[in-house]
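These notes are about the structure you will find just below.
Read-outs throughout are calculated quantities, based only on the coordinates presented, and are distinct from any laboratory measurement. Just so we're clear, the structure is a prediction, and the values are computed from it rather than from any experiment. Cβ placement follows ideal geometry from the backbone for every residue including glycine, while neighbour counts extend to all protein chains displayed.
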Amino acid sequence: MARKSTILTDEQKEAKRLRGLESARKYRLKQKELPPNPEKIAAKKLYMHNYSISHRGMRDRSNRKPLTEEQKKHQAEYDYEYRRRPGSKLASIKVSKRYMENHPERVKKNRKKYHAAIKNDPEYQEYRRIAARNRRAKIAGCPGSGWTAREERQLIKDYDGRCAYCNKKTDRLTMDHVIPVSRDGAHSIENIVPACGFCNCSKGNKPLLIWMYEQKKKSQRIELLNAQ
């Protein structure tokens with residue numbers, strides 16, 4: 001007779017897992033109490049020695065011999081067939097392209113449905129905003145690879161949600177380039193700091209030290225006016 005399969009509940013699965021862990025723990029304790037087996041130790045050392053010899057060339061690429069032209073040609077043919085095998089990434093891309101060409105209306109409808117479902121998602125809006133900014137910087141030829149939404153959130157968290165210039169805490173922080181992009185500054189996470197709208201707009205594309213000097217002079221004039 002065929003054995004009937006039983007469906008275990010979550011409690012039974014957890015109890016079975018704990019029994020297995022307890023059995024493994026008892027087995028390890030029992031093995032520790034046994035005296036060392038010289039034959040087993042010697043066999044393990046021999047195995048590790050042979051393994052290190054056979055894999056030494058794989059670990060150290062400097063010892064490898066350069067491929068001949070025939071071997072390079074064979075490798076290229078193998079890679080070509082490997083990338084086009086069923087189930088590969090390239091084959092999946094071809095299938096997707098063929099589907100989009102044969103069903104353009106269906107693809108358009110699905111895209112509209114997808115964007116309508118996620119357009120109000122704050123994380124998606126943040127992703128689109130940062131991606132558009134990075135794309136504009138890339139088209140303009142700015143150095144740097146941009147940054148991600150996760151990196152921006154972590155940067156704001158590091159500054160405790162405060163402006164890097166005036167230390168004002170606000171929910172509407174912007175990203176300011178310390179070295180302006182117009183002055184060959186990089187469009188990367190290393191060259192940006194969170195700034196409030198006032199500091200970002202007043203700084204503009206001025207060098208940081210010049211802008212800070214102007215702000216200091218401005219505050220001194222305001223103090224003199226207030227004193228009068």
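From zero outward in steps of 10 Å, how is the percent of C-alpha pairs of region 118-227 spread across the bins?
13, 38, 33, 11, 4, 0
Rounded to the nearest 500, what is the chain's calculated 222 nm mean residue ellipticity when only DSSP H runs of at least 4 contribute -39500 (n - 2.57) each, over all residues?
About -20500 deg cm²/dmol.
Note down the nm distance, to one decimal, between modelled labels 7 Å out along Cα→Cβ at LYS217 and at THR174.
Taking the simple label geometry, LYS217 and THR174 are separated by 2.3 nm.
Putting +1 on Lys and Arg Cβ atoms and -1 on Asp and Glu Cβ atoms, find which of PHE198, GLY161, ASN110 reaches farthest to the positive end of the dipole of the chain.
Looking along the dipole axis, the top candidate is ASN110.
Run the numbers for ASN102 and ALA132: contour at 0.36 nm per residue of separation, minus the present Cα-Cα distance, in nm.
7.8 nm
Would you order ILE93, ILE189 from fewest to most other beta-carbon atoms within 10 Å of each residue's own beta-carbon?
ILE93, ILE189
Given Cα pairs under 8 Å that are at least 6 residues apart, what percent is the relative contact order of the chain? Can you show the working numbers first?
Working: 125 pairs, mean separation 22.5, N = 228.
Relative CO of the chain lands at 10 percent.
Of the labelled options (i) 1.85; (ii) 1.13; (iii) 1.51, which one gives Cα Rg over 2.2 N^0.38 Å as computed for this structure?
Evaluating Cα Rg over 2.2 N^0.38 Å on these atoms matches (i).
Using a Cα-Cα cut-off of under 27 Å, which lysines could be cross-linked to LYS109, ignoring same-chain neighbours fewer than 8 residues away?
Within the straight-line limit of under 27 Å, LYS109 reaches these lysines: LYS89, LYS94, LYS97, LYS119.
Could you give the length gained by full extension between LYS44 and SER202, i.e. 0.36 nm per residue of separation minus their alpha carbon distance, to one decimal place?
49.8 nm
With the contact rule set at Cα under 8 Å and sequence spacing of 6 or more, what percent relative contact order holds for region 118-227? Let's see the in-between values first.
Working: 115 pairs, mean separation 23.9, N = 110.
That works out to 22 percent.
Classify region 62-147: rounded, prolate or oblate, from the alpha-carbon gyration tensor (a ≥ b ≥ c, eigenvalue square roots; a/c under 1.5 rounded; otherwise prolate if a/b is larger than b/c)?
oblate
Cα centroid distance between region 177-225 and region 93-154, in Å?
31
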